[in-house]
Every structure is written in C-alpha cells, then in structure tokens.
1. Over the chain, with every protein chain in place, what whole percent of the accessible area is carbon and sulfur at 1.4 Å, could you tell me?
2. Let's see if you can work this out: charge +1 on each Lys and Arg Cβ, -1 on each Asp and Glu Cβ, no other charges. What is the dipole magnitude of the chain about its Cα centre, in debye to the nearest 20?
3. Pick out, from ALA65, ALA7, MET39, the residue whose Cα sits farthest towards the positive end of the charge dipole of the chain, with +1 on the Cβ of Lys and Arg and -1 on the Cβ of Asp and Glu.
4. For the stretch 39-79, give the magnitude of the charge dipole about the Cα centre (Cβ charges: +1 Lys/Arg, -1 Asp/Glu; no others), in debye to the nearest 20.
5. Using Cα pairs under 8 angstrom and six or more residues apart, how large is the relative contact order of the chain, in percent?
6. What ³J(HN,Hα) values, in whole Hz, does the Karplus curve 6.51 cos²θ - 1.76 cosθ + 1.60 give for the stretch 12-28 when θ = phi - 60°, with x put for Gly and Pro?
7. Taking amide hydrogens as modeled 1.01 Å from N in the peptide plane, which residues meet the under 5 Å criterion relative to LEU64, leaving out close sequence neighbours?
8. Please work out, to two decimal places, the log10 of the ratio I(q)/I(0) at q = 0.12, 0.14, 0.19, 0.25 Å⁻¹ from a Debye calculation in which every Cα of the stretch 1-67 carries one identical scatterer.
Amino acid sequence: MNDARAATLDLLTRRAAGATICPSEVARTLSPEDWRSAMPLVHAAIDGLVRDGAVRLSWKGARLATRSGPYRIGLPNRD
C-alpha cells in the first residue's frame, strides 16, 4: 500500500471503536524499512483527511483542531 490516506483509514477501521493510531504506524505501513522518509507524505495526507472531516486529531486525550507537534489520529465521533 502506498497511499497514505488509504493506509490511515484502513488502519483505523481495523481498530476498536474510539481507538487512535500514531502517524508513524501509517508511515511504517507505507515504508517499513525507511518509514521516517514517509512521514512528510503521511502528514500531508492527515492534513487532507482532517480538512475533509474524515479523521480527528488528539494528544493525551485533548482534541486538536490542526496537526501541531505530537498527535494521534482517530475516526470522528458520529454521535
């Protein structure tokens, strides 16, 4: 898989409801041997997913409006 958007959504759908993932997990899916080089692609994909409302960001349980510093990725609450 080389599409960061698809990889992100795939990882999230495999998790329990309410679970989050780390952006490095997405990068490791895309490039296991050199995952750090995939991080800019992952960050860009996450920015797009946030804009589209497809994912939410948080850090230590606090919601983030945009990506800044460390963050976790989750599916939006659909309540």
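The values are calculated or read from the model by the stated rules, or taken from the named source; none is laboratory data. Predicted, not measured: the structure shown is a model, and the values here were computed from it. When we count neighbours, we look across all protein chains shown, and the Cβ atoms used for this are built from the backbone with ideal geometry, even at glycine. Areas reflect the complete protein model, heavy atoms only, side chains present, ligands, DNA and RNA absent. Shrake-Rupley method; radii C 1.70, N 1.55, O 1.52, S 1.80 Å.
1. In the chain, the share of accessible area belonging to carbon and sulfur is 51 percent.
2. That gives the chain a dipole magnitude of about 340 debye.
3. ALA65
4. 140
5. Relative contact order of the chain: 30 percent.
6. Each residue of the stretch 12-28 in turn: 5, 6, 8, 9, 5, 4, x, 6, 10, 10, 8, x, 5, 5, 5, 4, 5 Hz.
7. Excluding prolines and chain starts, which carry no amide H, the hits are LEU57, SER58, TRP59.
8. Debye output, listed in q order: -0.28, -0.38, -0.70, -1.18.
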